[in-house]
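Below is one structure, written out as C-alpha cells, with a few remarks after it.
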Amino acid sequence: MTATLTRTRLLASLLAVSAIVLVLIAAGGVVPGLFSDDSSDRPDEPTTEGTVGYVDGYWYDDELSVDDRDDAVLEDDELDAVVARSMARVEEIRNLTFEDDVPVDVISREEFQTEHDDIFVELSEDEQRKQNVTYEALFMVDRDTDAADELEAMYGGSVDGYYAPSSDQIVLVSDNPETPELDEVVLGHELVHALQDQHYDLTSYDRETIDQDNAKNGLIEGDAVWVDTEYEQRCGDEWGCVLPADSDPDDFPELNWGIYMTLFQPYSDGPAYVDHLLETDDGWSAVDAAYDDPPTSSSTVIHHEEREPADTTVEDRSNESWTPLEFDGEVARETTGEATMVAMLGANALSPDQQPSVIESEALLTDDLGGFDYDQPYTDGWAGDELVTYIDATAEEPGAADSGYVWETEWRSSEDAREFATGYLELLDIHDAEPIEDRQDSYVIDEAFPGAYYLERDGETVTVVRAPSVAELDGIVDGAAPAGEDTLERVSADDSADDDTASSDDDDGDDSLAGFAAPGAVVAISLALLVARARVTPRTRVSEPSRRSVSADSATSIASEIDPGRVDDCRHGRGRA
C-alpha cells in the first residue's frame, strides 16, 4: 500500500497560494466550455485520452461561472467540472494526458484529523527503536522524545492534500471547518501525482532509506512543484482561478527544523533538477525518461549530476554483549544522505533562541530568504553512508539507554572527509561534548543526547561510534576509543578548496565554533518567508518497515518525503505497507 500525501504544509501557515476553479451553473447543471476558445488549431473531435489540454468536455482555458465567486466552496457537480478543467490544465503544462479519471474529495481539517489518521502507520517496537536511534544520531530528536511523535506533529496540522495510489484518489484538506474550500493549485499539484502514478507507477520505486526517499522525491516532487508553480502563475496571468480566502493562523507551531529541512529538500531542489532536465534538447521527454532511471541519491538532485552512492557497508565488529538490530533476519540499515547531513549541521541556525550552528544562517538560507541551500562545503563531497543500530544483548528488555550505533560515511576525497569530520566535531561542541581523558578522539555528552562518542577518520572514510558509556564503545566496535591523544585536525570548510588540497585556515586562525552570525531580524524575515512559501509533501515508503512512523496508504505523494516517518504519500516520503 502506498499513498501520496502530495503537498503538505509543514506549518499551519504553510499554505501554498492556491486557487479554486469555479464552475458554470446553468439551468440547474454545469455547462462545460461555455467560454472556451474554439481556436482553429484544435481538433474537431477531441478525446480525453488523446488530446493534451482537454478532459471530459473541458479545455484547459475554459471559463466557469464559479470563477467569479467570493469563496471556493463547490457543490458536487461544480467540483466535477473544476477537476476536469484542472486535469486539462495539468496536461497542458506537463504535455502528458491522463489515462483515467481521478476521484477528488474536499474535507475539513477537523475531519482529516479525526477520520484520516490511518496515514500514520503503527510501528513495531524494533522499528520505533531504529527510528529513534537514527534521529538521535542526527541530533534531531533527543533521548526523551519519540521520533514518531515529532514526525506526526509535522503532518497533523499541515497537510493540504494527498494522493493515495492504493485508491487512485485525491483528498484536499481545507481549514474552513463549516464549508470546506477547494484550492486549485493544491489540486493541480496532487493531480500531477495522479498523472505520474498512471504513467510510472509511484509504488514501484525503492524507498528503503531516507536518502532513497529524498532522491526519488527530488524527481517526483520536483516535477509536481514545477508544474504547480507554472499553474499558479497562469492563474494570475491567463486563467480564471479561485483561491480560498487568505487566512493567517494566530500562531505558528514550533518546528523541528532538522526534520523539516530533511523533508523540504526535494521540494527545494527538485524543481531546479527538473529544470536541468528540461534544458536538454528532449524537454519533457527527458523528464519522462528520468522515471525509468530516477536519481539514486539526494546528491544527484542537489548537484544536478548523477552521483551513484558508494557501496558503504558497516562491518560488524561487536563482541557478544552487543548485536546489530535486525528485521526479518536482516540487519536494519539506514542511509541518511547529503541532504539530511546538511539538515543536521544547519538546523540550529533556525532556532528561535539563536543557538550556535555549524552551518550559519547566512550560508544556509538562499539569497531570497525563501529556501535553503543544500550545497554546503561540509557535505558536498558525500559519496555514501550507512548507519546501523546496535542493541545491548545482555538487557532483558532493552530501552533507549541500551542502544548504540555505528555510522560509517564515505567521501569523494580525503579533504572532503576532513571537512565533514570538522563539522561533526563542531556539532559535538555545540552539544557540550567533553573530551575523554587519555582516549583518542572520544567524547561524552551528558544531557539531551547522552552517551560516549568515538570518531575515526581513515582516508576518505569517517566513522562515528556511539555507546551508552566509554567502556562500551569497544563492545560495539572492537578497538574503538583506544588509549592515546586526539588525532583529528579541524580544517576550514572552504568552497574554493580543491578536492585533494587542504583548505586554507580560517581568517582568524581560530578553531572556535561558527556562531550564529545573521542578524535576528534577517532570520525572522527568512523564517516568515519559508512559512509563507514552503510546500512540503510528506513521503512514504512502500514496503520497508524500518523507518519513520508516518506511513500512509495515502502517502505516496508524500510518497516519499519523509524518511523517518514513512508515509505512503505521493509526494514522497516513505511509507509502509
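Brief remarks on what is shown
- Average Cα contact separation per residue, the stretch 179-307, under 8 Å, 6 or more apart, as relative contact order %: 35
- Looking at the stretch 206-304, the accessible area is 39 square angstrom per residue; that uses a 1.4 Å probe and ignores ligands, DNA and RNA.
- Per the Kirkwood formula applied to alpha carbons, the stretch 290-339 shows a radius of gyration over Rh ratio, Rg over Rh, of 1.13.
- Peptides 312-322, 101-111 ranked from most to least packed by the mean count of surrounding Cβ atoms within 10 Å: 101-111, 312-322.
- For the stretch 424-499 versus the stretch 313-333, the gap between their alpha-carbon centres in whole angstrom: 21
- Cα gyration tensor category, rounded, prolate or oblate, for the stretch 191-302 with a/c compared to 1.5: oblate
- The share of alpha-carbon pairs in the stretch 391-463 lying farther apart than 22 Å comes to 33%.
- The stretch 202-281: GluC sites (Glu not before Pro) in DSSP loop, at most 14 other beta carbons within 10 Å: E238, E254, E279
- Expressed as a whole percent, the accessible surface of the stretch 288-384 that belongs to carbon and sulfur atoms is 40, based on a 1.4 Å probe.
- The stretch 377-393-the stretch 51-103 distance, computed between alpha-carbon centres (Å): 46
- Model label sites at E362 and H276, defined 7 Å from Cα along the beta-carbon direction, differ in position by 2.8 nm.
- Charge dipole (debye, nearest 20) of the stretch 453-492; +1 at Cβ of Lys and Arg, -1 at Cβ of Asp and Glu: 180
- The alpha-carbon positions of the stretch 134-260 define a convex hull whose volume is 152 Å³ per residue.
The values are calculated or read from the model by the stated rules, or taken from the named source; none is laboratory data. It should be emphasised that the depicted structure is a prediction, and the values quoted were computed from it without experimental measurement. Note: ideal-geometry Cβ built from the backbone for every residue, glycine included; neighbour counts use all protein chains shown. The area values use the complete protein model at the heavy-atom level, side chains included, leaving out ligands, DNA and RNA. Shrake-Rupley method; radii C 1.70, N 1.55, O 1.52, S 1.80 Å.
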